[in-house]
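Just below is one structure, and these are the notes that go with it.
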Amino acid sequence: MSPGPLRQGEPVLLIDRKRRRYMIVLRPGATSDLRGGKVAHDALLGLDEGGAVVSTRGESFLVIRPTFGEFVLEMPRGAQVIYPKDLGAILMEADVFPGSRVLEAGTGSGALTMALLRAAGPTGRVISYELREEFARIAEQNIRRFLGATDALVLRRADIYAGALPEDRPVDRLILDVPEPWRVVGHAAAALVPGGIFLFYVPTVPQVTQAVEALRTSGAFAMIETIEVLVRPWNIDGLSVRPAHRMVAHTGFLTTARRVQRQAASGGVPQDEGSTEAVKPEDEGEAPDEVSGFGEGEPAG
Ligand SMILES: C[S@@+](CC[C@H](N)C(=O)[O-])C[C@H]1O[C@@H](n2cnc3c(N)ncnc32)[C@H](O)[C@@H]1O
C-alpha cells in the first residue's frame, strides 16, 4: 500500500452501503460492472482514497485501498490462502524478523509469502517452493500487484519433500503450508541455523500428531508448541452489543519448534555419557532413540 492519490495498476476496494466489498485494479480507460451499474476507472485515478464514487446506476461506493488482510481475502486464488488471523500469528510464532532468511513451502496463492516478505523486509530473503506451475503464476501476480517487484523474493518450482537446495541453506526460519510436514523434519534440521524456528500449518489433528511425533523422534528440535487462533468478531450497534452470529470457526493448527542440539532436545541430559555433540546439518534424516522434548508441558514447581 502506498500513500498519495490512486494510481494505475493499484488494487482498490469499492464498498457499498451493506459493506460488500469489490476489489478492482485501476486501469486507464477501463470500467468495472458493479451491481448493475458501471464505474469508470478514470473517475478514480488521481483521487485520494476515502472518498466516494457513484456508479451509472446511482449507487455510491466508498473508495479505499485494501489493507494487506483485505487484499488477501479478495485476491485471485489458486490454492486456499492462509487467513489474516493466522498470518499474523505465524509472523509472531515464527518470530520473522527484519533481515531474516526464510524458506517457505508451498507458495500457493502467495498470501503467506507476502506476509513473510513484509516482515523480513528489503534486507531479508524469502525463498518459496511450489510444485504447481499454475499456482506459482497466480502467486507471482498477486505478490507483484500488492508489493511491487522485490529483490528479497526467490520463487522456485521445487519439492520441499526433497529438502532445501544447497544454495538455499542455511535459513533462520522454515515455514510450511503443505499436507505432509513430517516429511520435511529431517530436511528442516539440516537447513536451519542453531536456534532456528520450524513452523508448520495444517488443518487436521492427524496431521499435527504425525508431524509432532516426527519432530520428537528427530532429536533435533525442542520447545514444540501447537496453537490455534480463534477470532470472534463483535456486533456493536445501539443496545445490540454481542458477539457476531458468525465466525470463521476453524482454519488450521500452527506448530512451532526450535532447532537445538541433541543434548538440549532430550531435556539437557547427554544421550551418550560425556557426549555433548550437536546434531550437525549433515546428520539430516538421522533418527536418534531419545524422544523426549524440552520445554513441553507445564513448568515444574
Ligand atoms: C494450501 S496451499 C498454500 C497456500 C499459501 N500458504 C497461501 O497462503 O497462499 C498448499 C500449496 O503447497 C503446494 N505443495 C504441496 N506439496 C508441496 C511440496 N512437496 N513442495 C512444494 N509445494 C507443495 C501445493 O501445490 C499448494 O499450492
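Please tell me if residue 93 is surrounded by fewer than 21 Cβ atoms within 10 Å (Cβ to Cβ), under 23 Å from residue 258 (Cβ atoms) and touching a strand residue (DSSP E or B) at 6+ places or on another chain (Cβ under 8 Å).
yes
When 46, 36 are screened for being in contact with a Lys or Arg (Cβ under 9 Å, 6 or more places away or on another chain) and more than 29 Å from residue 115 (Cα to Cα), only 36 passes. One residue alone among 66, 76 is more than 28 Å from residue 166 (Cβ to Cβ) and either among the aliphatic types (A, V, I, L, M) or within 13 Å of the ligand (Cβ to nearest atom) (or both), and that residue is 76. Among residues of the range 84-108 that are under 14 Å from residue 178 (Cβ atoms), those with a beta-carbon under 6 Å from a residue that is within 13 Å of the ligand (Cβ to nearest atom) and assigned to a loop (DSSP other than H, G, I, E, B) at least six positions away or on a different chain give the pairs 103/164; 105/178; 106/178; 108/79. Set side by side, the residues 87, 116, 112 differ, and just one is in a helix (DSSP H, G or I), under 23 Å from residue 163 (Cβ atoms) and near the ligand (Cβ under 8 Å from one of its atoms), which is 112. Of the residues making up the range 218-226, not a single one is among the charged types (D, E, K, R), part of a helix (DSSP H, G or I) and surrounded by fewer than 22 Cβ atoms within 10 Å (Cβ to Cβ).
Among the residues of the range 170-214, write down those that are part of a loop (DSSP other than H, G, I, E, B), buried (at least 18 other Cβ atoms within 10 Å of the Cβ) and away from the ligand (no atom under 15 Å from the Cβ).
Selection gives nothing.
Among the residues of the range 98-109, write down those that are touching a Gly at 6+ places or on another chain (Cβ under 8 Å) and either near the ligand (Cβ under 6 Å from one of its atoms) or closer than 14 Å to residue 198 by Cα (or both). 100, 101, 102, 108, 109, listed by residue number. Scanning the range 235-250 for residues that are among the hydrophobic types (A, V, I, L, M, F, W, C) and without any contact (Cβ under 8 Å) to a residue 60 or more places away in the chain, we see that the one that is farthest from residue 202 (Cα to Cα) is 239. Among the numbered criteria (1) at pLDDT below 80; (2) over 26 Å from the mean Cα position of the chain (by Cα), which single criterion is violated by residue 238? Every listed condition holds for residue 238 apart from (1). Here the condition is being under 20 Å from residue 87 (Cα atoms) and touching a strand residue (DSSP E or B) at 6+ places or on another chain (Cβ under 9 Å); of 159, 177, it holds for 177 alone. The condition (being crowded, with 18+ Cβ neighbours inside 10 Å, of a type in the set (S, T, N, Q), in contact with a helix residue (DSSP H, G or I) (Cβ under 9 Å, 6 or more places away or on another chain) and closer than 19 Å to residue 66 by Cα) is satisfied by just one residue among 128, 100, 109: 109. In the range 4-24, of all residues being hydrophobic (A, V, I, L, M, F, W, C) and touching a helix residue (DSSP H, G or I) at 6+ places or on another chain (Cβ under 8 Å), the one that is surrounded by the fewest Cβ atoms within 10 Å (Cβ to Cβ) corresponds to 23.
Among the candidates 158, 164, which residue alone is aliphatic (A, V, I, L, M), under 23 Å from residue 257 (Cβ atoms), within 8 Å of the ligand (Cβ to nearest atom) and more than 17 Å from the chain's Cα centre (by Cα)?
158
The values are calculated or read from the model by the stated rules, or taken from the named source; none is laboratory data. Bear in mind the structure is a predicted one, so any value in this text is a computation, not a measurement. Cβ atoms come from the backbone with ideal geometry, glycine included; neighbour counts cover every protein chain shown.
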